[in-house]
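Reading through the structure tokens given below for one structure.
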Amino acid sequence: MKPYERIAADLRRRIEGGEWAAGDTLPTTDQLVAHYEHSRQTVRTAVDVLAREGLVRVVKRSGTIVQDRSVGRRRIARSTTVMRDPARGYVFPAASRPDEPWDTHGQPKRMFAPVPSEVAERLGVEPGTELMRRRRVTSPAGEPPFQIADAWIHPDVLAEAPQAGEISTGPGGYLDRIEEAGHGPLEWEETTRVRMPTKEEASLLQVATEMPVWEMTTVGVSARTGQAVEASVRVIPADRAELVSKLQRGTSAQWPVEPVSPQV
């Protein structure tokens with residue numbers, strides 16, 4: 001094993017053995033350098049290994065904090081059905097279970113912010129254009145932040161449905177306001193990818209910047225114009241979720257299998 005691997009293995013053993021509990025801060029880099037008698041770079045590389053594994057997260061000016069590993073992965077069933085709740089409006093496939101309470105971390109925010117390039121491409125605007133963004137950071141009750149949910153609204157649509165950008169959007173939420181402005185019924189397409197988080201996302205989700213995240217983008221398309229009018233982006237730490245799809249048998253895969261006629 002390389003020196004950084006030996007240090008990472010020992011720190012892992014000590015964390016899993018209970019020497020440091022969830023929320024505890026590891027010794028400083030200088031203290032670890034003195035203990036393991038290796039360079040600062042070697043120690044930092046070892047800590048980076050643990051951060052990628054989700055055992056710790058490095059917080060600027062606070063140190064290296066042990067992550068809560070008691071929170072298990074959630075299975076996200078990726079169906080293609082959009083439901084509707086009389087109180088909340090549209091409900092998309094998510095990690096929540098029926099009647100499961102969720103917490104909001106901090107206050108929901110609405111503001112004009114530079115749109116990421118991937119969302120800009122889907123909405124047909126220039127990257128960096130300031131669009132209305134509605135943001136919520138949520139989790140199952142009592143758990144650390146599970147997801148960042150950003151809703152981006154096309155500027156032309158916001159002009160037609162200004163209440164979609166307000167704090168109080170009214171019954172059914174901002175999607176109902178967009179549909180009422182003449183774009184209903186919306187159709188949606190969802191794209192999922194894995195990427196590394198931004199520093200802001202890692203901070204909001206309380207994970208290391210070395211921890212990959214799932215990004216699920218749902219784009220709503222207007223029935224009137226055929227153009228994308230809004231995009232909802234959810235970001236979830238990769239170690240907190242697994243995507244599950246139920247596979248269906250196609251016509252050619254029906255059982256029992258038809259016997260193959262012998263060749264003459």
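Of the conditions (1) at pLDDT below 95; (2) assigned by TED's automatic domain parsing to the domain that holds Thr138, Ala231 clears all except one; give me its number.
(1)
Hey, among Pro93, Pro145, which residue is touching a Ser or Thr at 6+ places or on another chain (Cβ under 9 Å), more than 19 Å from Glu230 (Cβ to Cβ) and not in a helix (DSSP H, G or I)?
Going through Pro93, Pro145 in turn, the sole match is Pro145.
Within region 91-107, count every residue that is within 20 Å of Thr198 (Cα to Cα) and surrounded by 13 or more Cβ atoms within 10 Å (Cβ to Cβ).
Residues meeting the conditions: 1.
Which one of these is surrounded by fewer than 16 Cβ atoms within 10 Å (Cβ to Cβ), at pLDDT 95 or above and in contact with a Gly (Cβ under 8 Å, 6 or more places away or on another chain): Arg134, Arg224?
Of the residues listed, the single one that is surrounded by fewer than 16 Cβ atoms within 10 Å (Cβ to Cβ), at pLDDT 95 or above and in contact with a Gly (Cβ under 8 Å, 6 or more places away or on another chain) is Arg224.
Note down all Cβ pairs under 8 Å where the first residue falls in region 147-171 and is without any contact (Cβ under 8 Å) to a residue 24 or more places away in the chain, the second is acidic (Asp, Glu) and part of a helix (DSSP H, G or I), and they're at least six residues apart or on different chains.
So the pair list comes out as Ala161/Glu180; Thr169/Asp176; Gly170/Asp176.
Out of (1) within 29 Å of Gln206 (Cβ to Cβ); (2) at pLDDT below 95, what's the single condition that is false for Gly170?
Result: Gly170 passes all but (1).
Out of Ser79, Ser117, Ser70, report the one residue that is at pLDDT 90 or above, surrounded by fewer than 17 Cβ atoms within 10 Å (Cβ to Cβ), out of contact with any helix residue (DSSP H, G or I) (no Cβ under 6 Å at 6 or more places or on another chain) and not charged (D, E, K, R). I'd like the intermediate steps shown before the answer.
Details: Ser79 fails: at pLDDT 90 or above; Ser70 fails: at pLDDT 90 or above.
Among Ser79, Ser117, Ser70, only Ser117 is at pLDDT 90 or above, surrounded by fewer than 17 Cβ atoms within 10 Å (Cβ to Cβ), out of contact with any helix residue (DSSP H, G or I) (no Cβ under 6 Å at 6 or more places or on another chain) and not charged (D, E, K, R).
The values are calculated or read from the model by the stated rules, or taken from the named source; none is laboratory data. Predicted model, so just to flag it, every value in this text is computed and none were measured. With ideal geometry, Cβ positions are generated from the backbone for all residues, glycine too; neighbour counts draw on all protein chains shown.
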